[in-house]
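Okay, so here's the structure we're looking at.
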Amino acid sequence: MTDTYDVVLVGAGHNGLVCATYLARAGRKVLVLEANTEPGGCAATREFAPGYSVSACAQWLNQLHPTVARDLALENHGLQWAARQLASISLDVDGQHLTQRGDYVEGGNITAADSAAFRKFHAKTTRYAKLLARAFEARAPKLVESNLTDRLTLIKLGLGLKMMGRDDMSDLMRIILINMYDVMEENFDNAQLKGLLSLDSLLGSHMGPRTPSTVFGYLYRRVGEVFGHAGHAQVKGGMGALGRAMAASARAAGVEIRLSSAVASIDVDAGRVTGVTLADGEQISAGIVVSNADPITTFERLVGLRNLETDTARRVSQIRCTGGTAKLHLALNGLPAFTGLQERQLGQRLVIAPDMNYIERAFNAVKYKEYSTAPALDISIPTVHDAGLAPAGAHVLSAIVQFAPYAPQGGWEAHRETFTQLVVECIARYAPGIEQQIVASELLTPADLERDYGMTGGHWHHGELGMDQVLMMRPFPGATQYNAAFDGLYLCGAGAHPGGGVMGLAGRNAAREIIKRGAAA
Amino acid sequence: MTTGSDDTMMLTTPFHSRIAAACELNCWGDWMGYTTPNAYTDVELEYFAVRNAAGVFDLTPMNKYRITGTDAEAYLNRLVTRDVSKIGVGRVGYTVWCDEAGQVMDDGTIFHLAENDYRICAYARATDWLHWSALGFDVTIEDETAEVAALAVQGPTSCAALTAMGLVGLDQLKPFGLTEFDFEGEPLVVSRTGFTGDLGYELWIAPHKAEALWDRLFESGEPYLIKPFGTHALEMARIEAGFLQAGVDFMPAEEVVRNGRSRSPFELGLGWLVDMDKSVFNGRRALQQELARGSRYRFAILDVDGNKPANHSFILKGNKQVGTVTSAAWCPTAKSNVAFAQIEMPYGAVGEELVAEIYYQRELHWTRVLAPCKVIDAPVFSHPRRRATPPGNF
């Protein structure tokens, strides 16, 4: 064995590539090992039928941190935008759609009072999101045995909270732990608006509007706006193009990326990480191993619970990481027609979440390992802006489906057809005739997402974004500052602070921590 | 429950009928929820029975857990600080186990009963910790505290008394050895272990044979002056022998609520139980850091001037308070006044002279004594028969 790399990074997800790039820029010799054939992790484009491609997991770019984008010079490495500043349209069966863009809402029989209330609510939550955004840009402080850096972070956070003024501070403290349903009821009358914002608060999670912490989920999403994303953006070529741009940037910085190289184990000895062993048996030694995999994959499967001390094994085993989100991909022989929607509106973000109880009922099912019979959907028709994703004249539709269980009774194969059909019927209520346009379809269940993208439980965030699993609790106490359990072992993925979403901050923060700790880390 | 009944929440051991009959003082204590005799007749007499003949102590309330399965050894090795692979079948090992902060949760003994079959005896209840520790291991954990009755037979005539009861060949059992006899058709496990620092054995049997075992033991032991002894006499013997008592000389880490009140093995003088060559075990990372950084405290055995036991004393170096006493006793056999103390580093090295600030009361009159004391390098009681095989016929 030769020790040729300073750092071995497990997984070429977006956070892994960001982390690798920063490390390489700091002079480290970095090897990234990726099991899949393409870099990017959940920033992936998938050809699900001959000639038809979609963004396989994340379909919108709305949280990428501007510093990361700038430092990686992504636009110089091939990142192109198909569309930006897209609005969200909450669909109505009768065509009374509600459109939201920033703090502006229209349609859907919205009253002037609700419009005004939303402007106020938006301004207030933007202030809250700003506070969160600052906390996301640094490592989470330890509360016990905190050092100067941590104390400064805490002081800044406390000061930021104080600077918001008494009303904002007490209101934030009040709502951050509670649920979206109650906060929506306090503020608005319009059912569609409440449904749309509620869906924003829980996309990718295993929560309903009445689940505690959903207000945090909403603010978490709104952080994207603080980072400069006015509305949703669509990457040309699908999210895989973002992964490729990140990989190109990493390579330009000197990172070596090996694709189709699955890591079988992270090797440890006497409290130190020693390297990794690949699935084919090859051993690569390194003083620092950074895992872009989720914490459960990292500690349970790659390190092994037996190699952890009991307290850590116990915490790993208690991480809430069950996904409830599926993806449906449809290949269409033409542009679908949605009742009451203009053709130019089809490229916006289309949401089916008519009211909060609709979402709550959809969530009820997944609590009992059943799929929603009337799921809430976040739909993208990327071909409106990016014709290259489908053959000429044809289109693709991609939908985030809330909710689908990770392991339904009888296994997914018994339900796949029925559930696909059910989601299609759900869309057809808003786009009559779409069934006849379908030439191919693909359903990615949480189990499929786990298999293809290495996310335990199929959870998009590598661990639920509940208050018990964020900030100084993410992914679990004792592992909150990227290093965990072993000298030289780091986490840099969505399971680490600040969490999931194509943001890049977990990767950047981890790199900063590794660089700060020096070569011996 | 009716008023005036004798009902109690306290448990009794399978020996209770015999113990109650022998307990002339009716002086009971509570050991992990079990009714336990503090003294039977006279503490000093019981103590001298242990040191000069044979004493019998009911240790059934000791928490006993059976660990079986193909990963039993690997599991225990990750759980405790010492190398369990070095405890062969038929052997017993004393050890401690720590939490992730390297703080001692408990001390106890591991009995290697057979291949992939161990019993762990602990001071504290450990069911949840043992089960959490099983994540990733193929082991079965069973609490057999109530399923195994246990007696300690300690003292110079213990071997002879047990041999007279029919345990022929017991004199060949080495210290920390483990063997099995037939007792009226029931297996009787005998280990050469104990808490008195002398020759002694512990007997492990199914509860329904407990009374028969007690009766046979006292019948055959009579010529060997066998006597039951309670926890007070045990306390004298174990301090004389230099044994720590969980809950007294250290706080089990899980019971500690105040920061800094728990102790690491190094701070308890138990560094010899820590095998840093093992790749992983609970507390390893923290203990590695402690080795690099230095410990906060040192465990010291003090030989205190005078005959006033230094219970609860402050230990002074000049005018500075550098430690506190956790256990103290006048030790009759060694004829010395012994105290166990936790001393702040860097004080407490062997040979160092310190002062114990002792308070004692006679007829409501409190007296303060500043007794010079010295850190000694070994327990005050030790006898060659403890390690000899055969131990000799006393």
Exercise. With point charges of +1 on the Cβ of Lys and Arg and -1 on the Cβ of Asp and Glu, referenced to the Cα centre of the range B:56-213, which listed residue (B:Val153, B:Leu113, B:Thr60) lies farthest in the positive direction of the dipole?
Worked result: B:Val153
For this session: Using only Cα atoms, locate the centre of the range B:12-41 and the centre of the range B:167-220, then give the distance between them in Å, rounded to an integer.
Result: 20
Problem set entry | Diffusion constant of the range A:1-107 at 4 °C, which comes from Stokes-Einstein with the Kirkwood Cα-pair radius and 1.567 mPa s, µm²/s | 75
Exercise. Considering chain B as a Gaussian network with a 10 Å cut-off on Cα pairs, which listed residue, B:Cys373, B:Cys27, B:Cys98, attains the greatest mean-square fluctuation?
Worked result: B:Cys27
Problem set entry | 3J(HN,Hα) from dihedral phi, the range B:317-328, Karplus parametrisation 6.51/-1.76/1.60, rounded to Hz, x for glycine, proline | 10, x, 9, 8, 7, 10, x, 9, 8, 9, 9, 8
Exercise. Cα-based Rg (one decimal) and Dmax (whole number) for the range A:369-521, in Å?
Worked result: 19.9, 63
For this session: Just grab the label-to-label distance for B:Asn52 and A:Lys29, each label 7 Å out from Cα along the Cβ direction, in nm (one decimal).
Result: 7.7
Exercise. What full-extension length gain, to one decimal in nm, is calculated for B:Asp42 and B:Glu222 as 0.36 nm per residue of separation minus the Cα-Cα distance?
Worked result: 63.0 nm
Seminar exercise, completed: The simple spin-label model distance between A:Lys369 and A:Arg151, using points 7 Å out along Cα→Cβ, in nm, is 5.1
For this session: Go ahead and set up a Gaussian network model of chain B, Cα springs under 10 Å, then flag whichever of B:Arg18, B:Arg119, B:Arg368 fluctuates most.
Result: B:Arg368
For this session: Could you state the angle between the C-alpha long axis of helix A:505-517 and the longest principal axis of the C-alpha atoms of chain A, as a value from 0 to 90 degrees rounded to the nearest 10?
Result: 20
Exercise. So how strong a dipole does the range B:270-329 carry about its Cα centre when Lys and Arg Cβ are +1 and Asp and Glu Cβ are -1, to the nearest 20 debye?
Worked result: 280
For this session: Compare the Cα positions of A:Pro50, A:Pro498, A:Gln421 along the charge dipole of chain A (+1 at Cβ of Lys, Arg; -1 at Cβ of Asp, Glu; about the Cα centre) and return the one farthest towards the positive end.
Result: A:Pro498
Problem set entry | Computed magnitude of the charge dipole of the protein assembly as shown (debye, nearest 20; Cβ of K, R +1, Cβ of D, E -1) | 3300
Exercise. So what are the ³J(HN,Hα) numbers for the range A:323-328, from phi and the Karplus equation (6.51, -1.76, 1.60; θ = phi - 60°), rounded to whole Hz, Gly and Pro as x?
Worked result: x, x, 10, 10, 10, 10
Exercise. 222 nm [θ] for chain B, helices only, -39500 (n - 2.57) per DSSP H run of 4+, per residue, to 500?
Worked result: -5000 deg cm²/dmol
Exercise. Within 10 Å of each Cβ of B:97-105, how many other protein chain Cβ atoms are there on average?
Worked result: 2
Exercise. Semi-axes of the equivalent ellipsoid of chain A: what are they in whole Å, largest first, if each equals the square root of 5 times a C-alpha gyration tensor eigenvalue?
Worked result: 36, 27, 21
Exercise. Which cysteines does chain A leave without a neighbouring Cys Cβ under 4.7 Å?
Worked result: A:Cys321, A:Cys426
Problem set entry | Interface residues, the range B:118-155 - accessible area loss of 10 Å² or more versus chain alone, probe 1.4 Å | B:Trp129, B:Trp132, B:Leu135, B:Gly136, B:Phe137
Exercise. What's the tally of Lys pairs in chain A whose alpha-carbon atoms lie under 23 angstrom apart, where the two lysines are 8 or more places apart or on different chains?
Worked result: 19
Seminar exercise, completed: Per the Kirkwood formula over distinct C-alpha pairs, the hydrodynamic radius of the protein assembly as shown in angstrom is 31.8
Seminar exercise, completed: The Kirkwood hydrodynamic radius of the range B:108-179, taken as the inverse of the mean 1/r over all distinct Cα pairs, in Å, comes to 14.9
For this session: Can you figure out the FRET efficiency of B:Val256 with B:Arg293, using R₀ = 22 Å and their beta-carbon distance, to the nearest 0.05?
Result: 0.65
Exercise. Toward the positive end of the charge dipole of the protein assembly as shown, about the Cα centre and with charges on Cβ (Lys, Arg +1; Asp, Glu -1), which of A:Ala326, A:Ala484, B:Val84 goes farthest?
Worked result: A:Ala484
Exercise. R0 = 60 Å: FRET efficiency of B:Glu353 with A:Glu75, Cβ-based, nearest 0.05?
Worked result: 0.20
Exercise. Could you give me the ³J(HN,Hα) list for the range A:200-212, computed from phi with Karplus coefficients 6.51, -1.76, 1.60 and θ = phi - 60°, whole Hz, x at Gly and Pro?
Worked result: 4, 6, 9, 4, x, 10, 10, 9, x, x, 8, 7, x
For this session: Just the number, please: percent antiparallel of the DSSP beta bridges in chain A, rounded to the nearest 5.
Result: 70
Seminar exercise, completed: Label model pair A:Arg272, B:Met276: point-to-point distance (7 angstrom along the Cα→beta-carbon line) in nm is 1.3
Problem set entry | Cα point-scatterer Debye curve for the range A:386-473, base-10 log of I(q)/I(0) at q = 0.22, 0.25, 0.26 Å⁻¹ | -1.15, -1.26, -1.30
For this session: Round to a whole angstrom and tell me the spacing of the C-alpha centers of the range A:200-218 and the range B:75-106.
Result: 45
Exercise. So how tilted is helix A:214-226 from the main axis of chain A? Cα-based, degrees 0 to 90, rounded to 10.
Worked result: 80
Problem set entry | Centre separation in Å (Cα based) which lies between the range B:257-290 and the range B:147-161 | 32
Seminar exercise, completed: Length gained if A:Asp468 through A:Arg166 is fully extended, taking 0.36 nm per residue and subtracting the Cα-Cα distance, is 106.2 nm
Problem set entry | Within chain A, helix-based [θ] at 222 nm, where runs of 4 or more DSSP H residues each add -39,500 (n - 2.57), nearest 500 | -10000 deg cm²/dmol
For this session: Mind running the shape call on the range A:273-353? Use the C-alpha gyration tensor, a ≥ b ≥ c as the square roots of the eigenvalues: rounded below 1.5 for a/c, prolate if a/b tops b/c, oblate otherwise.
Result: prolate
Seminar exercise, completed: Per GNM of chain B with C-alpha springs under 10 angstrom, the most fluctuating residue out of B:Arg263, B:Arg293, B:Arg78 is B:Arg293
For this session: Using R₀ = 56 Å, calculate the FRET efficiency as 1/(1 + (r/R₀)^6) where r is the Cβ-Cβ separation of A:Ala123 and A:Ser260; round to 0.05.
Result: 0.70
Seminar exercise, completed: log10 I(q)/I(0) for the range B:1-141, Debye formula on C-alpha points only (no solvent), q = 0.13, 0.16 Å⁻¹, two decimals, reads -0.73, -0.93
For this session: Kindly work out what percent of the DSSP beta bridges joining two residues of the protein assembly as shown are antiparallel, to the nearest 5.
Result: 85
For this session: Run down the lysines and flag those whose C-alpha is under 24 Å from the C-alpha of B:Lys374, throwing out any fewer than 8 positions away in its chain.
Result: B:Lys308, B:Lys317, B:Lys320, B:Lys335
Seminar exercise, completed: Shape call for the range B:162-235, from the Cα gyration tensor axes a ≥ b ≥ c (a/c under 1.5 means rounded, otherwise prolate when a/b beats b/c, else oblate), comes out rounded
For this session: Check the straight Cα-Cα distances from B:Lys278 and name the lysines below 24 Å, setting aside those fewer than 8 residues away within the same chain.
Result: B:Lys86
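The values are calculated or read from the model by the stated rules, or taken from the named source; none is laboratory data. What you see is a predicted model, and the numbers here were worked out from it, not measured in a lab. No Cβ is skipped: glycine too gets one built from the backbone with ideal geometry, and neighbour counts run over all protein chains shown. Heavy atoms of the whole protein, side chains included, go into the accessibility calculation; ligands, DNA and RNA do not. Shrake-Rupley method; radii C 1.70, N 1.55, O 1.52, S 1.80 Å.
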